[in-house]
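The values are calculated or read from the model by the stated rules, or taken from the named source; none is laboratory data. Small disclaimer: the values here were computed from a predicted structure and weren't measured. All Cβ positions, even for glycine, are placed from backbone atoms using ideal geometry, and neighbour counts span all protein chains on display.
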């Protein structure tokens, strides 16, 4: 038994690694840029042009802090046209554009020099000083050639166009931007500092086109990065501030930069107690019900409970939840229970004893618990009934009856224990079901648990949080499987794990 | 005589027919399929047939073919042409000489501006007649199941939502069954020791899978992405898949050239371990959470949701198929086909598979029920499904936000419940009919 357990726990490790890897892959393929999310700079579209060097620097530091300036994984697959240091490019759009350009043209050096030059062209807008241009562009009588507004508009337009060129690899779009900028620069001579750099980047672009070697993108390559990568640091820590998941550190939330650990544990507790309580209730109700209806097989009672249980089984959880809210937490019908939350913030006092807290929270717990419980209850009663009917047909039950044992003893002592087997095997399935169902139930009842957390972190693309919840849930689920295995051996002496 | 006619299919069908709830469910399912197929004719705000200024039109049918069809009529009094663009014309405003409305004269996505803000089916509903007066609605045009906040007709939404729900079942479970049956059959039939192949073939197949993904998806990723944004992504995806299959087959053929020495030695492929570990990992993550997370990072699209549900729901089917194949591979007829020298492929496809399918059908039926449940949960949460697509789940979600609107909860909820129930009942009926061992 111990040996078996040790083996099972050893299998845990690769499975957990696979789950964390899956979660990690999902989180890095997410479209949102965490740095943009965390740095509370003005919204990206409007203020992209005016992004000062200071904000760029804070972003750079933030990237470093989050470990985003590192490669994602130990290695990456790509073609020989791909650049192996692309992860150093700060802006997510820029690095996507660079990747696409090098995919099309295959000559990384030329692509990067074109892109670099374009970046310089964009930065050279800082040389254009509004007042200076305004003063310089006056005709002989001192009348200004351009109004300040016009100058400002032109600079903004040029900046915007170059900025958008940094985010596209479509040759048609690039060509049209080139020609529109050409006309802009020929119309407004004061843009010459930018024009100079721009012309240079145009040359480099044509150079890139003429020297293209797109065959390179057809030759696969594996790039090895070593252990200095995001996944490694996420898992094992970087030896400095981050401790890594193996030491229980899940990193920081993108939303409020709080450590995920402090945010998550109270939530794990809420969800866990909900699913544990509901599984407990489900077993408490379904075992007697299953036994009784199997015992009274084909009577009216059995038929009615079978139908009710089947109906409940097919009822979607969110429908039940909303119906309960409609009926029992609705000012128009019955207002027996509160609509949302797990406590009343105006009354709740953290210094209460456990029982006071429980008494305060009980009304908040009832409706969600019913919703939680009913689905596993229906599932369990059906299985229990079939199991007991199966056991009643066995020889040893007939023997027990034949030797004159009372019905109560036959059922409780001989039938019950054996019919528990199937119901324990499904313990492992109920657990993930309860956790998965929590997303919907917690959203309906606004319970601040893991399910609601994963829902809101998905809406806010808070990926470290998603990965953390994912890994924890996977871990809990596997523990559920393990507990089921152990219970199985405890209940059935015929089963031994050797 | 009877003995000669006996076939398992016939026997199973007879058994199935004895199960009344399952049979009734099957009839309801057929009715639902009918509703789904003819949804644009059952619920449409354009007339099925109308006569306007002496000319006959069939707008509901014409817009099926060409959504923005244009037509014109000559006004006999003024002699001027009047242009009608079928999908934006308000047919109720026109002075139609003869008209035949759809049974439910509303489209799911267009709001009725005179019945906004949750109008109950029993409340007074308003209508603007051709004289521009707001009057009580004629019985023919009543919203029989009420409306939502922007005046969309609930009955119409439910009818069009049937399409999505049934499609989710078919498409998601189609994908899941293909993956599940394929992997389960391989794992069960060969186990860890019996899939033997020369090293050259083994390594070349692995290399082929890698190359296939590189050329099928890696090299073509921008082509695919551009195609998906411009709308014909499915074709490019099919090309990619064909490319992948071709490369793997090609590499396997190529491996024959290198069949010598060390490379020619046969080794066993632990296919069962691969598949079982994969199932274990996928089962350790609650499915709903996995699907929600994956669908959150992609573009919102109902098709994508179906594919994601399919790609994550194959484990149950694979487990059933694997268990059946484990049993069947020891049976005499499979052993016989082996000793007769038939290929493994033939033994699997012609001998083992037809006999393993019965329990798989059962798990597919239950799988459809849970796929529909997952889709409606997702649209209930508002994740993955675009805002303009009306599904049962999204309708129910509207009802959650407004406590007055009981009809927005009851009707969609009941529709979801009904569909799930009939699939579960059909699954039970199939299980009883297809598995004679349970009968005894």
* Restricting the stretch B:199-212 to residues that are buried (at least 18 other Cβ atoms within 10 Å of the Cβ) and within 12 Å of chain A (Cβ to nearest Cβ), which is farthest from residue A:82 (Cα to Cα)? -> B:212
* Asked: Could you list, in sequence order, the residues of the stretch A:146-193 that are more than 27 Å from residue B:230 (Cα to Cα) and not in a helix (DSSP H, G or I)?
  -> A:146, A:147, A:188
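Looking only at the stretch B:179-198, filter to residues that are in contact with a strand residue (DSSP E or B) (Cβ under 8 Å, 6 or more places away or on another chain) and surrounded by 17 or more Cβ atoms within 10 Å (Cβ to Cβ); which one of those is farthest from residue B:330 (Cα to Cα)?
Within the stretch B:179-198, the first condition is being in contact with a strand residue (DSSP E or B) (Cβ under 8 Å, 6 or more places away or on another chain), and the residues that meet it are B:192-198.
Within this subset, residues satisfying the condition of being surrounded by 17 or more Cβ atoms within 10 Å (Cβ to Cβ) are B:195, B:198.
Values: B:195: 15, B:198: 24 Å.
Filtering first and then ranking leaves B:198.
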* Here are some conditions: (1) over 23 Å from residue B:303 (Cα atoms); (2) without any contact (Cβ under 8 Å) to a residue 40 or more places away in the chain; (3) away from every other protein chain (no Cβ under 14 Å). Residue B:219 meets all but one. Which one does it not meet? -> (3)
* Structure fact -> residue B:62 meets each of (1) touching a strand residue (DSSP E or B) at 6+ places or on another chain (Cβ under 6 Å); (2) closer than 24 Å to residue B:152 by Cβ; (3) modelled with pLDDT of 70 or more with one exception, condition (1)
* To do: Check off (1) modelled with pLDDT of 80 or more; (2) within 26 Å of residue A:360 (Cβ to Cβ); (3) in contact with a helix residue (DSSP H, G or I) (Cβ under 6 Å, 6 or more places away or on another chain) for residue A:334 and give me the number that stays unchecked.
  => (1)
* Test each condition in (1) away from chain A (no Cβ under 14 Å); (2) in contact with a helix residue (DSSP H, G or I) (Cβ under 9 Å, 6 or more places away or on another chain) for residue B:402 and report the one that comes out false. => (1)
* To do: Note down all Cβ pairs under 9 Å where the first residue falls in the stretch A:485-498 and is modelled with pLDDT under 70, the second is part of a loop (DSSP other than H, G, I, E, B), and they're at least six residues apart or on different chains.
  => A:496/A:1; A:497/A:1; A:498/A:1
* How many residues does the stretch B:251-302 hold that are buried (at least 16 other Cβ atoms within 10 Å of the Cβ) and at positive phi? -> 0
* Structure fact -> The residue that is surrounded by the most Cβ atoms within 10 Å (Cβ to Cβ), considering only those in the stretch A:455-493 that are more than 9 Å from chain B (Cβ to nearest Cβ) and in a loop (DSSP other than H, G, I, E, B), is A:462
* Structure fact -> Within the stretch A:100-119, residues within 14 Å of chain B (Cβ to nearest Cβ) and surrounded by fewer than 20 Cβ atoms within 10 Å (Cβ to Cβ) come out as A:100, A:104
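Answer yes if at least one residue in the stretch A:424-439 is at pLDDT 80 or above, assigned to a helix (DSSP H, G or I) and facing another protein chain (nearest Cβ under 9 Å), and no otherwise. Walk me through how you get there before you give the answer.
Of all residues in the stretch A:424-439, those at pLDDT 80 or above come to A:439.
Narrowing the set further to residues that are assigned to a helix (DSSP H, G or I) leaves A:439.
Still in the list and also facing another protein chain (nearest Cβ under 9 Å): A:439.
Yes - at least one qualifying residue is present in the stretch A:424-439.
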* Structure fact -> Within the stretch A:54-89, restricting to residues that are within 14 Å of chain B (Cβ to nearest Cβ) and not in a loop (DSSP other than H, G, I, E, B), the one that is farthest from residue A:33 (Cα to Cα) is A:79
* Filtered residue count, the stretch A:276-291, keeping only those that are surrounded by 17 or more Cβ atoms within 10 Å (Cβ to Cβ) and closer than 13 Å to residue A:411 by Cβ -> 3
* Residue in the stretch A:226-241 that is over 22 Å from residue B:218 (Cα atoms), in a helix (DSSP H, G or I) and free of Cβ contacts under 8 Å to residues at least 60 places away in the same chain present -> yes
* To do: Provide a single number: the residues in the stretch A:193-224 that are touching a strand residue (DSSP E or B) at 6+ places or on another chain (Cβ under 7 Å) and surrounded by fewer than 18 Cβ atoms within 10 Å (Cβ to Cβ).
  => 7
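Mind listing just one residue for me: the one in the stretch A:305-327 that is closer than 17 Å to residue A:340 by Cα and touching a residue at least 12 places away in the same chain (Cβ under 8 Å) and, of those, farthest from the other protein chains (Cβ to nearest Cβ)? First the steps, then the outcome.
Residues of the stretch A:305-327 that are closer than 17 Å to residue A:340 by Cα, as a first pass: A:317-327.
The next check asks that each one be touching a residue at least 12 places away in the same chain (Cβ under 8 Å); those that pass are A:317-318, A:320-322, A:324-325.
Values: A:317: 8, A:318: 5, A:320: 9, A:321: 9, A:322: 5, A:324: 11, A:325: 8 Å.
Filtering the stretch A:305-327 for residues that are closer than 17 Å to residue A:340 by Cα and touching a residue at least 12 places away in the same chain (Cβ under 8 Å), the one farthest from the other protein chains (Cβ to nearest Cβ) comes out as A:324.
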* Restrict the check to the stretch B:262-271 and report whether at least one residue is modelled with pLDDT of 85 or more and in contact with a helix residue (DSSP H, G or I) (Cβ under 9 Å, 6 or more places away or on another chain). => yes
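Name the one entry in B:385, B:368 that is under 17 Å from the mean Cα position of the chain (by Cα) and assigned to a loop (DSSP other than H, G, I, E, B).
Details: B:368 fails: assigned to a loop (DSSP other than H, G, I, E, B).
Going through B:385, B:368 in turn, just one is under 17 Å from the mean Cα position of the chain (by Cα) and assigned to a loop (DSSP other than H, G, I, E, B): B:385.
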* Give B:155, B:172 a once-over and let me know the one that is surrounded by 24 or more Cβ atoms within 10 Å (Cβ to Cβ) and either assigned to a helix (DSSP H, G or I) or touching a helix residue (DSSP H, G or I) at 6+ places or on another chain (Cβ under 6 Å) (or both). => B:172
* Structure fact -> With criteria (1) away from chain A (no Cβ under 14 Å); (2) not in a helix (DSSP H, G or I), residue B:360 comes up short on (2)
